[in-house]
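No value in this document is a laboratory result; all are computed from the given coordinates. Here the structure is a predicted model, which means the values were calculated and not measured. Glycine also receives a Cβ, built like all others from the backbone with ideal geometry; neighbour counts cover every protein chain displayed.
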């Protein structure tokens, strides 16, 4: 992926993430539609991330957010760091976020790193299944 395409995609995804978070906070009972759950009846690894994010942002309850879905905390960190990083790169005329993305991509191409990452996603999915989200 080109640097320009990466920055455009990251900016669009950041904006969509904030729109989703705003909608989720304004409609706490509505939940977010999950295509995987709609097709299988089972929660996906990300199911509950909206509720987790709401617990963290609206109630300041990190423990509850973690118990609902640890990905909510990861999302909160990404939604804080990535837009700031995008802005800093734009102002400074640098590509540090793109370089970081490429390093992460190269790391996940290694079998051991990919298996570790997939194991974390699987563990989170098992957590969601165990809780019966």
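Numbers for the structure displayed
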{"quantity": "Gyration tensor (alpha-carbon) shape descriptor, the stretch 65-133, a/c threshold 1.5", "calculated": "oblate"}
{"quantity": "Tensor-based shape of the chain (alpha-carbon gyration tensor, a/c under 1.5 rounded, otherwise prolate or oblate)", "calculated": "oblate"}
{"quantity": "Degrees separating the helix 71-92 axis from the principal Cα axis of the chain, which is the longest one", "calculated": "20"}
{"quantity": "Crossing angle, helix 3-26 versus the chain [Cα axis fit, 0-90 degrees, rounded to tens]", "calculated": "30"}
{"quantity": "Computed E for residue 80/residue 101 - FRET, C-beta separation, R0 25 angstrom, nearest 0.05", "calculated": "0.90"}
{"quantity": "Rel. contact order, % - alpha carbon contacts under 8 angstrom, at least six apart, the chain", "calculated": "25"}
{"quantity": "Gaussian network model of the chain, Cα within-10 Å springs - most flexible of 83, 43, 33", "calculated": "33"}
{"quantity": "Shape call, the stretch 5-83: gyration tensor on alpha carbons, a/c limit 1.5", "calculated": "oblate"}
{"quantity": "Ellipticity estimate at 222 nm from DSSP helix runs (n ≥ 4, -39,500 (n - 2.57)) divided over the chain, nearest 500", "calculated": "-25500 deg cm²/dmol"}
{"quantity": "Average projection area in nm² (convex hull over Cα atoms of the stretch 44-83, one quarter of hull surface)", "calculated": "2.6"}
{"quantity": "Alpha carbon centroid spacing (whole Å) that separates the stretch 1-80 from the stretch 85-133", "calculated": "15"}
{"quantity": "Angle between the chain longest axis and helix 49-59 axis [Cα atoms, degrees, rounded to 10]", "calculated": "90"}
